[in-house]
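Here is the structure we will look at, set down as structure tokens.
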Amino acid sequence: MYKSRTVLPAIGSLAILLAGCSTAFETPTTLSSDAQLVPGERRLVPVMEYADGEALAGLSALHLPLVEIAPGAEVDGDLDSARLDRLRAVLSKEICQRFARGGFSVLPEPEEGAATARLSAAVTGLRRNNVATTGLSRVIGTAVPGPLNPRVPIGIGALGAEGEILAEDGTQLAAIRWASQNHLASGGGFTTVLDGPAAFGDLADANELASIFADAFGDLVVEARAGYEVSESETPRGTCDAYFDQIGQDEDAEEAAG
């Protein structure tokens, strides 16, 4: 069971917030092992990571089950299971898309009779953002166009996640532990009603950070494979969207704002 935590506004100066993008969640790891992890940095976020490039280069298919909520994960209180399931589907889709771009055939279900490496991930922490200050940040962003618009330094959301790739025999081929706050208003701050209610809700930061984690994990694996002769395949169209079917929700359905 994950741990519930009370939402408290984080108040500090903008300079302090921009000095680092990481946050910490004290959650027991779900990884099969963390013995080989070493410090690294992915898109300005400090991480712990490991990758066996030679072994990864020989993989063309990965079985990616739906992302889990880690046992003991630090999750803000009052989030119902439907909203957590939706975040799991969002993160699963982002990971699927990143690894598909990396040249893998991503499989929501393992192929019968085939030995396929397993790609798994879990949410280790979740801190909701303050809806009012998130909206204010986006309004400010429209006045200061550009790709990097700093957030109003109050009520910023955060996400912790980890993942690994295991060979058919259980050998760990790659792993990453990651956590970050969302210090920047995405899309240059240009957010409209066309982006849907999820862009303004209290899980807006978590949804954006899901993409950043997926990119960090994918970058780790793709970069590790780069120095070897790589086996590649393709992910069929529609595969990544199907993770919403696993939770019984429509991807385009409006998410209730918290």
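Tabulated results
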{"read-out": "Number of the condition not met by THR142 [criteria: (1) part of a strand (DSSP E or B); (2) of a type outside the set (Phe, Trp, Tyr); (3) at pLDDT below 70]", "value": "(1)"}
{"read-out": "Test: residue in the range 201-215 that is touching a strand residue (DSSP E or B) at 6+ places or on another chain (Cβ under 8 Å), closer than 18 Å to TYR50 by Cβ, surrounded by 22 or more Cβ atoms within 10 Å (Cβ to Cβ) and at pLDDT 75 or above", "value": "yes"}
{"read-out": "Pairs with Cβ under 8 Å, 6+ apart, first in the range 221-232 and closer than 11 Å to ALA174 by Cβ, second modelled with pLDDT of 95 or more and charged (D, E, K, R)", "value": "ALA224/ASP52"}
{"read-out": "Filtered residue count, the range 59-78, keeping only those that are part of a loop (DSSP other than H, G, I, E, B) and surrounded by fewer than 19 Cβ atoms within 10 Å (Cβ to Cβ)", "value": "5"}
{"read-out": "Residues of the range 95-125 classified as assigned to a strand (DSSP E or B), of a type in the set (Gly, Ala, Ser) and more than 19 Å from ALA57 (Cβ to Cβ), total", "value": "4"}
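Residue-wise test of (1) at pLDDT 95 or above; (2) closer than 24 Å to ASP245 by Cβ; (3) of a type outside the set (A, V, I, L, M).
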| position | (1), (2), (3) |
| --- | --- |
| ASP85 | yes, yes, yes |
| VAL90 | yes, yes, no |
| GLN97 | yes, yes, yes |
| LEU107 | yes, yes, no |
| PRO110 | no, yes, yes |
| ALA121 | yes, yes, no |
| THR124 | yes, no, yes |
| ARG127 | no, no, yes |
| ASN149 | no, no, yes |
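The values are calculated or read from the model by the stated rules, or taken from the named source; none is laboratory data. Just so we're clear, the structure is a prediction, and the values are computed from it rather than from any experiment. Backbone-built Cβ (ideal geometry, glycine too); neighbour counts: all protein chains shown.
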